[in-house]
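Let me begin by presenting the structure, written as C-alpha cells, before commenting on it.
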Amino acid sequence: MVGGRGPRVLALPRGVLRGNVVPWGVLLVGTLLISGCSGRAPDPSPSPSALAPSLDPASAEAARQARDAYINLRETQITAYAKASFEKDLEKYAGDNALAAIWQSLFVYQREGIVFTGRPAFNPQVTEVRFQPYPQVTLVDCFDRSSWKAVVSKTGRSAEVADQNTRVAVTALARPYAGGWIIADLTVDGSQTC
C-alpha cells in the first residue's frame with residue numbers, strides 16, 4: 001500500500017535495459033516527460049476564473065486541482081531527476097501510465113548515473129473538464145527543456161541526445177484519486193517543436 005491509497009503495481013517492459021547502454025528512447029521519453037514553455041514556473045494556485053471564466057464551480061475546482069497536480073508533479077520530477085532518486089512524493093501527483101514512465105526513466109538514470117541540471121519551463125493550460133462518462137481533466141503544455149540538461153553525474157559530461165527538440169507539446173490527462181487529482185497519463189509529441 002502506498003501512502004494509504006492502495007497498491008500500485010508497476011513493471012518495466014521486457015528489453016528496456018540491455019547491457020550497459022542507456023536506452024536513448026527511454027532517455028528521450030523520460031526527459032520529455034519533464035518538459036513546458038514559459039520562462040518561469042507558473043503559479044501553482046491560480047484562481048479558477050483564470051483557468052476558464054465560464055466553468056461552473058465544480059468544474060473550476062477540478063481544473064484548479066488538476067493543474068496543481070501537474071505543476072507539483074513537474075516540480076517533484078525536477079527534484080527527482082536532479083538526484084536520479086525515487087521521490088516518494090511522485091506518487092502524490094502521478095499514477096497509472098504517467099507514474100510508470102517516470103519511474104522507468106528514473107531507474108535507467110540511476111543505473112547509468114545520469115542527472116539533470118538547470119530547470120525546465122512549463123505552463124499547463126486546462127482545455128477540457130468533464131464528469132461523464134467518467135471524471136477527467138485535459139491539460140496541454142509546451143514543455144521547454146532547453147535550460148534543463150542531462151549529464152553524467154561522475155564526469156559532468158553531457159548525456160543529451162543529439163537533434164532532440166527541446167520544446168515539445170505535452171497533453172496530460174488528470175483523474176480524481178484519493179480526494180484530489182493526479183496526472184494519470186502524459187503524451188509527448190516530440191516530433192514537432194511548440
State yes or no: is residue 131 in contact with a helix residue (DSSP H, G or I) (Cβ under 8 Å, 6 or more places away or on another chain) and touching a residue at least 12 places away in the same chain (Cβ under 8 Å)? yes
Which ones in the stretch 73-96 are within 16 Å of residue 179 (Cα to Cα) and in a helix (DSSP H, G or I)? 91, 92, 93
All but one of (1) under 20 Å from residue 74 (Cα atoms); (2) of a type outside the set (Lys, Arg); (3) without any contact (Cβ under 8 Å) to a residue 60 or more places away in the chain hold for residue 152, so report the exception by its number. (1)
Just wondering, is there one or more residues in the stretch 127-138 that are out of contact with any His (no Cβ under 7 Å at 6 or more places or on another chain) and part of a helix (DSSP H, G or I)? no
Take residue 121 and tell me if it is hydrophobic (A, V, I, L, M, F, W, C), in contact with a Leu (Cβ under 8 Å, 6 or more places away or on another chain) and buried (at least 21 other Cβ atoms within 10 Å of the Cβ). no
Any chance you could count how many residues in the stretch 155-174 are under 17 Å from residue 71 (Cβ atoms) and either free of Cβ contacts under 8 Å to residues at least 24 places away in the same chain or surrounded by fewer than 18 Cβ atoms within 10 Å (Cβ to Cβ) (or both)? 1
Which condition breaks for residue 141 when tested against (1) crowded, with 19+ Cβ neighbours inside 10 Å; (2) free of Cβ contacts under 8 Å to residues at least 40 places away in the same chain; (3) more than 20 Å from residue 58 (Cα to Cα)? (2)
Strands (runs of 3 or more DSSP E) wholly inside the stretch 144-194 containing at least 3 residues that are closer than 20 Å to residue 113 by Cα: 148-152
Identify all residues within the stretch 107-126 that are in contact with a Ser or Thr (Cβ under 9 Å, 6 or more places away or on another chain), β-branched (Val, Ile, Thr) and in contact (Cβ under 8 Å) with a residue 40 or more places away in the chain; write none if there are none. 114, 126
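Laboratory data are not the source of any read-out in this text; all were calculated from the coordinates shown. Keep in mind that what you see is a predicted model, and the values were worked out from it rather than measured. All Cβ positions, glycine included, derive from the backbone under ideal geometry; neighbour counts span all protein chains shown.
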